[in-house]
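Enquirer: Pasting a structure here, questions to come.
The values are calculated or read from the model by the stated rules, or taken from the named source; none is laboratory data. Note that the structure is predicted; figures quoted are calculated from it, not measured. Please note: Cβ atoms are built from the backbone with ideal geometry, for glycine as well, and neighbour counts cover all protein chains shown.
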Amino acid sequence: MREMTDEIARIMVDVFGVPPGRVGAATAFTELEADSLTLAELTLLLEQRYGVPVADGDLRPEHTVSDVAALLRDKGAAGGR
């Protein structure tokens, strides 16, 4: 799961421009000032990356990067492609 958590953090850095030192496993999206559009885009990226469906509303601002990794794992994601 650590690998998945690291990948999600990398997406936040690479795609959304979050400074690398600002995002980690325990970082909530509210701390990153992620709005609903950011979460919708992240949802699509995660579906493509992990091949599992992520419904609108599954990702919420109060979720941490670890929460999202656990959600993906619960939906059957095994790791990045």
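Enquirer: Being within 11 Å of the chain's Cα centre (by Cα) and loosely packed, with under 13 Cβ neighbours inside 10 Å is the filter here, so list the residues in the range 41-69 that pass it.
Expert: Leu44
Enquirer: Here's something else I'd like to know. Return the pair list, or none, for Cβ contacts closer than 8 Å from residues in the range 3-23 that are loosely packed, with under 12 Cβ neighbours inside 10 Å to residues that are part of a helix (DSSP H, G or I), at least 6 apart or on different chains.
Expert: Listed pairs, sorted by first residue: Pro19/Val13; Pro20/Val13.
Enquirer: From the list Ala34, Ala28, Ala9, pick out the single residue that is of a type outside the set (Phe, Trp, Tyr), at pLDDT below 95 and under 12 Å from the mean Cα position of the chain (by Cα).
Expert: Values: Ala28 fails: at pLDDT below 95; Ala9 fails: at pLDDT below 95.
Only one candidate qualifies: Ala34.
Enquirer: Let me ask something else. Every residue in the range 63-81 that is within 17 Å of Gly24 (Cα to Cα) and either touching a strand residue (DSSP E or B) at 6+ places or on another chain (Cβ under 6 Å) or of a type in the set (A, V, I, L, M, F, W, C) (or both), please. Let's see the steps before the verdict.
Expert: So the first thing to find is which residues in the range 63-81 are within 17 Å of Gly24 (Cα to Cα), and the list is 63-72.
Passing the criteria: Thr64, Val65, Val68, Ala69, Ala70, Leu71, Leu72.
Enquirer: State whether the residues of the range 43-61 include one that is touching a residue at least 24 places away in the same chain (Cβ under 8 Å) and out of contact with any helix residue (DSSP H, G or I) (no Cβ under 8 Å at 6 or more places or on another chain).
Expert: Step one: of the range 43-61, the residues touching a residue at least 24 places away in the same chain (Cβ under 8 Å) are 45-46, 49-52, 59-61.
Restricting the remaining residues to those that are out of contact with any helix residue (DSSP H, G or I) (no Cβ under 8 Å at 6 or more places or on another chain) gives 51.
The answer is yes, given that some residue of the range 43-61 is touching a residue at least 24 places away in the same chain (Cβ under 8 Å) and out of contact with any helix residue (DSSP H, G or I) (no Cβ under 8 Å at 6 or more places or on another chain).
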